[in-house]
Amino acid sequence: MIEAPGIALVVIPHPDDAEGWCGGTVASWIGQGTKVFYVLCTDGSKGSNDPNTDPAGLAATREQEQLDAAGVLGVEEVVLLHHPDGELEDNSELRREIVRAIRRFRPDVILCPDPYRRAFHWHRDHRITGLVSADAAFPYARDFLHFHELYTDEGLEPHKTGMCLFWAPDVPDTYVDIAEVLDIKAKALSCHKSQMSERPDRDVVASVKDRARTAAQGSDCEYAEAYRKLEFRR
């Protein structure tokens, strides 16, 4: 188990990933006074099985759904990076954007996908998001001379984040009890209507409970979200 931090930053590959993987943690921590900020890396423009879907229209819809879901949970701010869905790269552009967010919001904890899982093939955007987020936290956001322009031009001081919590790990070692916020997580997840238009609300609630019950295995919780903790040198 882990105590609620003062500030948390969630770095998200696609709209709905945060609510699906760590929405209960976000709801629980906000209820305990944590300030939570989101960085959404892609626009979700490929998230449809309909070949006639307009990607630009879908992107606008999904980004608004993410804003709505964050509002349900009480997230302080959502930074939209607008990268095309499926096209994230481990490069200086994305790293700089995440370093900027870390230096702006100064989180104690960063939540993001586990880039190293092997149990099944992870979406490339998830792998890139997790890898770049961890690298951005250590050492890039920590040191003055990495992306020095963020300090000289924007006044953003370096920041040392204590840890990353990777969601969807092969072997979790950290759990957050979400039994009291299952309904809030389900309500936030239901905001992503474009991704679950054929699923009634009761099915979303049942799915959230089933997934949280499975994630809690190996812990003392009945319902949980599970992570692998990566701590950084100070």
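Every read-out reported here was derived from the displayed coordinates using simple, explicitly stated rules and does not represent laboratory data. The model shown is predicted, which means the values in this text are computed figures rather than measured ones. For neighbour counting, all protein chains shown are included, and Cβ atoms are generated from backbone atoms with ideal geometry for every residue, glycine included.
Tabulated data
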{"quantity": "Helices (runs of 4 or more DSSP H) within region 54-161 that include 3 or more residues surrounded by 21 or more Cβ atoms within 10 Å (Cβ to Cβ)", "calculated": "55-73, 92-105, 124-135"}
{"quantity": "Filter result for residue 221 (more than 30 Å from residue 53 (Cβ to Cβ), in contact with a Cys (Cβ under 9 Å, 6 or more places away or on another chain) and either surrounded by fewer than 15 Cβ atoms within 10 Å (Cβ to Cβ) or touching a residue at least 12 places away in the same chain (Cβ under 8 Å) (or both))", "calculated": "no"}
{"quantity": "Residue in region 198-209 that is surrounded by fewer than 21 Cβ atoms within 10 Å (Cβ to Cβ) and β-branched (Val, Ile, Thr) present", "calculated": "yes"}
{"quantity": "Single condition residue 1 does not satisfy, out of (1) closer than 19 Å to residue 167 by Cβ; (2) of a type outside the set (Asp, Glu); (3) under 15 Å from the mean Cα position of the chain (by Cα)", "calculated": "(3)"}
{"quantity": "Hits in region 29-53 - residues which are polar (S, T, N, Q) and buried (at least 21 other Cβ atoms within 10 Å of the Cβ)", "calculated": "34, 42, 45"}
